[in-house]
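**Q** Provided herewith is a single structure, encoded as structure tokens, for subsequent inquiry.
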Number of protein chains: 2
Amino acid sequence: MLGDLAHRATASRLMHYSGLTLKTNRIPVKTASADYSVYVGNDVFPVLRRQMASQSGRRVFVLSSAEIWALWGRRFLEAFPAGAQPTALFLPAGERCKRLAQVERLAGELAAAGADRSSLLIAFGGGIVGDLGGFLAAIYMRGIEYVQVPTTLLAQVDSSVGGKTGANLVAGKNLIGSFHHPVAVFADIGVLQTLPDRELRAGLFESVKAGIIRDAALFRFMEKNAEKILARDPAALERVIAASIRMKAEVVGKDERESGLRMILNFGHTLGHAIEAATGYRRLLHGEAIAWGMLAALRIARARGTATDAECARMERTIVAYGPLPAFRASAGRLIEAAGRDKKNRAGTRRFVLPQGIGDAVVVEDVTDAELEDAARWVLARARG
Amino acid sequence: MLGDLAHRATASRLMHYSGLTLKTNRIPVKTASADYSVYVGNDVFPVLRRQMASQSGRRVFVLSSAEIWALWGRRFLEAFPAGAQPTALFLPAGERCKRLAQVERLAGELAAAGADRSSLLIAFGGGIVGDLGGFLAAIYMRGIEYVQVPTTLLAQVDSSVGGKTGANLVAGKNLIGSFHHPVAVFADIGVLQTLPDRELRAGLFESVKAGIIRDAALFRFMEKNAEKILARDPAALERVIAASIRMKAEVVGKDERESGLRMILNFGHTLGHAIEAATGYRRLLHGEAIAWGMLAALRIARARGTATDAECARMERTIVAYGPLPAFRASAGRLIEAAGRDKKNRAGTRRFVLPQGIGDAVVVEDVTDAELEDAARWVLARARG
């Protein structure tokens with residue numbers, strides 16, 4: 001659905017509304033095939049309301065979870081004119097429901113409700129709602145437009161930007177999906193008030209990642225202000241979220257399909273994904289597994305000297321400051337085997353992202369079996385709790 | 001997956017092999033996001049063989065049907081080096097199996113067999129294998145490359161070119177899908193030897209359509225040579241197939257996403273789709289329903305005078321010459337209702353393609369309820385048998 005003319009036309013329509021006076025950050029995302037904005041602020045619903053007012057004549061659907069809907073559904077619906085309330089669809093909670101069977105059910109509900117090619121879908125929830133909702137929009141009638149309204153920190157700083165959508169197979173997470181960009185993203189800091197503490201921390205690990213791989217200023221801010229950020233100080237959170245999104249938007253703008261630069265976003269992911277797989281996706285949140293994966297990658301970076309000992313120590317300390325990182329157990333063999341199977345690897349290569357100092361990273365394909373095994377054993381020893 | 005650099009790189013790799021001396025038509029398809037070739041000839045397997053020889057190092061998978069595999073599997077496998085035979089996956093026969101549950105099963109089989117982002121999928125079969133195989137390739141790991149080797153006339157002249165892939169919902173055909181172009185298409189006239197007569201005719205209706213909407217020379221050739229073509233004269237078939245593909249390639253090249261010109265390909269589809277829906281997709285083949293739909297559209301064109309009576313009579317006679325068009329029964333109300341629900345319609349409009357003489361067509365949105373009802377009743381009376 002990339003490059004779709006209708007898509008672009010509406011993206012422009014959504015962007016060029018007039019009279020925005022609210023204190024909201026607008027972060028542009030420009031890729032070869034898409035051009036849209038991410039709005040970040042303490043209350044972005046009024047911006048959503050203005051944009052929805054200009055969508056008259058088209059059917060609007062919202063995909064959410066029962067939990068988010070109970071907490072924030074009324075606030076969300078206020079963004080729509082009285083006569084143009086969206087039709088709500090729901091996805092049951094949990095990674096288990098991020099499957100094609102749900103996509104099929106939801107597509108059937110869209111069809112039954114009369115959704116056509118000009119309809120708009122809004123994904124209002126965490127990463128699972130966003131990924132599956134984006135995928136539903138990507139394949140319903142070969143692609144309809146969608147908007148992301150992410151309600152977890154992880155979804156705001158990571159999955160809602162960049163156009164990756166997907167569903168899981170039994171064989172692995174996100175093994176099916178599409179690249180399909182939203183026409184706009186609204187990251188509201190207000191909805192984070194109800195986010196469980198553990199999920200907040202899991203999202204912050206991705207922001208620490210953003211700092212380590214590409215934004216030294218963000219890293220230093222997070223290094224110095226962990227207490228304030230963890231206490232959900234709105235200004236501090238806004239700074240972290242906006243900087244994380246800016247970093248991702250810039251990287252995705254330069255490499256939409258992950259053929260080069262975008263790979264650095266996978267810092268912590270080679271072993272992080274393996275840890276998720278080896279623990280059956282039950283023990284750790286995604287961000288927590290990535291935090292463990294980052295510590296493992298730092299172990300390799302330190303041994304190779306791609307970053308100095310002092311820099312590695314600062315990066316490790318800052319990751320740990322946003323913990324606790326939950327304990328887990330797994331066999332080293334399984335972890336190593338899973339790291340080799342990661343879908344980010346092309347035929348036979350084993351790809352690692354290693355920091356080069358703070359705010360810079362490099363993708364390498366020459367990590368040896370011995371290095372991988374050492375990092376895996378080190379993480380397992382440390383994670384035993 | 002459109003615009004994917006890897007995709008383009010391989011498309012070029014596939015095209016620029018050297019030393020082709022076989023009598024094979026190569027028809028280029030160039031769109032904003034893809035650039036590939038369709039090979040048409042009495043024996044295109046040697047061309048496939050040459051291209052596969054240059055794919056060493058990547059895993060190749062083939063999706064087929066048991067029926068086609070039994071008839072042509074051995075011939076197909078000869079195209080592969082001894083040490084690089086593709087892994088075969090199978091789709092059960094019938095429109096009923098063009099569903100997400102099969103996509104999920106097949107994606108699981110790909111994952112279990114170790115398919116990665118650099119793997120290649122070949123769809124070797126009729127339209128259902130091609131559409132579902134293309135969709136599987138579109139969403140497996142967010143898109144892998146695929147090749148079409150269509151084995152029915154309908155798939156050769158229509159569905160294998162243009163990048164539309166899809167699956168059915170209970171609510172309707174092709175309600176989910178992606179735009180995902182193949183990296184090459186091989187239309188072999190030899191495999192049509194085993195095609196049932198009724199399916200040959202159903203495919204030829206689409207070629208008559210190609211002549212009516214855009215290629216007067218093709219129309220005249222089909223008007224004069226029905227007997228020879230229906231007798232499967234290889235030279236006559238080759239001319240019809242190559243001209244039909246050329247027409248489609250040209251239209252898709254100018255309007256990849258069906259925002260304008262490509263809509264003319266839907267001549268006969270507004271009522272054709274409605275007839276398929278109203279008869280539960282069981283009574284008629286797709287091409288047969290389109291033939292009835294073309295006759296209905298000609299009824300409207302004749303009444304409006306967009307084509308002369310004499311031209312309309314020639315077009316009707318030529319459609320009927322490739323019949324018989326099987327009888328069917330349906331209620332006029334259901335047909336009209338289904339015509340309004342067609343997914344090709346954007347919010348509220350009713351879109352018809354009407355011939356303007358022979359070899360030219362126009363898309364209109366102002367067909368009245370009365371015109372639609374007259375056309376529906378006329379077709380139903382004629383189809384009663």
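**Q** How many residues are open to solvent by 10 Å² or more (accessible area, probe 1.4 Å) and either within 14 Å of another protein chain (Cβ to nearest Cβ) or aromatic (Phe, Trp, Tyr) (or both) if we restrict to the range B:205-252?
**A** Summing the residues that are open to solvent by 10 Å² or more (accessible area, probe 1.4 Å) and either within 14 Å of another protein chain (Cβ to nearest Cβ) or aromatic (Phe, Trp, Tyr) (or both) in the range B:205-252 gives 1.
**Q** Further question on the same structure: Considering (1) within 11 Å of another protein chain (Cβ to nearest Cβ); (2) assigned to a strand (DSSP E or B); (3) open to solvent by 30 Å² or more (accessible area, probe 1.4 Å), say which one B:Gly114 fails and leave the rest.
**A** So B:Gly114 meets the others, but not (2).
**Q** From the list A:Arg58, A:Arg96, exactly one residue is among the basic types (Lys, Arg), open to solvent by 10 Å² or more (accessible area, probe 1.4 Å) and over 28 Å from B:Leu106 (Cβ atoms). Which is it? First the steps, then the outcome.
**A** Working: A:Arg96 fails: over 28 Å from B:Leu106 (Cβ atoms).
So the residue among A:Arg58, A:Arg96 that is among the basic types (Lys, Arg), open to solvent by 10 Å² or more (accessible area, probe 1.4 Å) and over 28 Å from B:Leu106 (Cβ atoms) is A:Arg58.
**Q** When you scan the range A:302-319, do you find a residue that is open to solvent by 10 Å² or more (accessible area, probe 1.4 Å), small (Gly, Ala, Ser) and in contact with a helix residue (DSSP H, G or I) (Cβ under 6 Å, 6 or more places away or on another chain), even just one? Lay out the reasoning, then the answer.
**A** Keep residues of the range A:302-319 that are open to solvent by 10 Å² or more (accessible area, probe 1.4 Å), which gives A:302-306, A:308-311, A:313-314, A:316-317.
Within this subset, residues satisfying the condition of being small (Gly, Ala, Ser) are A:303, A:305, A:310, A:313.
If we keep only those that are in contact with a helix residue (DSSP H, G or I) (Cβ under 6 Å, 6 or more places away or on another chain) too, we end up with none.
No, every residue in the range A:302-319 fails to be open to solvent by 10 Å² or more (accessible area, probe 1.4 Å), small (Gly, Ala, Ser) and in contact with a helix residue (DSSP H, G or I) (Cβ under 6 Å, 6 or more places away or on another chain).
**Q** If you don't mind, there's one more thing I want to ask. Tell me yes or no: at least one residue of the range A:48-70 is modelled with pLDDT of 80 or more, among the small types (Gly, Ala, Ser) and touching a Gly at 6+ places or on another chain (Cβ under 6 Å). Lay out the reasoning, then the answer.
**A** Restricting attention to the range A:48-70, the residues satisfying the condition of being modelled with pLDDT of 80 or more are A:48-55, A:57-70.
Among the residues that remain, those that are also among the small types (Gly, Ala, Ser) are: A:53-54, A:57, A:64-66, A:70.
Filter once more, so that each one left must be touching a Gly at 6+ places or on another chain (Cβ under 6 Å): A:64-65.
So far as the range A:48-70 goes, yes, one or more of its residues are modelled with pLDDT of 80 or more, among the small types (Gly, Ala, Ser) and touching a Gly at 6+ places or on another chain (Cβ under 6 Å).
**Q** Now a separate question. Given (1) touching a helix residue (DSSP H, G or I) at 6+ places or on another chain (Cβ under 7 Å); (2) modelled with pLDDT under 95; (3) assigned to a helix (DSSP H, G or I), identify the lone condition not met by A:Ser259.
**A** (3)
**Q** Follow-up question, since we're still on this one. Being within 21 Å of B:Phe205 (Cβ to Cβ) and at pLDDT below 95 is the requirement here; does B:Arg302 meet it? If you could, list the steps in order and put the result at the bottom.
**A** Details: within 21 Å of B:Phe205 (Cβ to Cβ): yes; at pLDDT below 95: no.
For B:Arg302, the condition - within 21 Å of B:Phe205 (Cβ to Cβ) and at pLDDT below 95 - is not met.
**Q** Which condition does A:Gln193 not pass, out of (1) over 28 Å from B:Ala111 (Cα atoms); (2) within 13 Å of chain B (Cβ to nearest Cβ); (3) at pLDDT below 95, if it passes all the others?
**A** (2)
**Q** Filtering the range B:365-381 down to residues that are loosely packed, with under 15 Cβ neighbours inside 10 Å and not in a helix (DSSP H, G or I), which residue is nearest to the chain's Cα centre (by Cα)?
**A** Only one residue fits best here, namely B:Glu365.
Yes/no matrix, rows are residues, columns are (1) more than 10 Å from every other protein chain (Cβ to nearest Cβ); (2) touching a strand residue (DSSP E or B) at 6+ places or on another chain (Cβ under 7 Å); (3) of a type in the set (A, V, I, L, M):
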site	(1), (2), (3)
A:Arg99	no, yes, no
A:Ile139	no, yes, yes
A:Thr151	yes, yes, no
A:Val170	no, no, yes
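**Q** Could you list all residues from the range A:117-127 that are under 22 Å from B:Gly340 (Cα atoms) and open to solvent by 10 Å² or more (accessible area, probe 1.4 Å)?
**A** A:Arg117, A:Ser118
The values are calculated or read from the model by the stated rules, or taken from the named source; none is laboratory data. Keep in mind it's a predicted model, so treat the numbers as computed, not measured. Methodologically, a virtual Cβ is constructed for each residue, glycine included, from the backbone with ideal geometry; neighbour enumeration extends over all protein chains shown. SASA here: full protein model, heavy atoms, side chains in, ligands and nucleic acids out. Shrake-Rupley method; radii C 1.70, N 1.55, O 1.52, S 1.80 Å.
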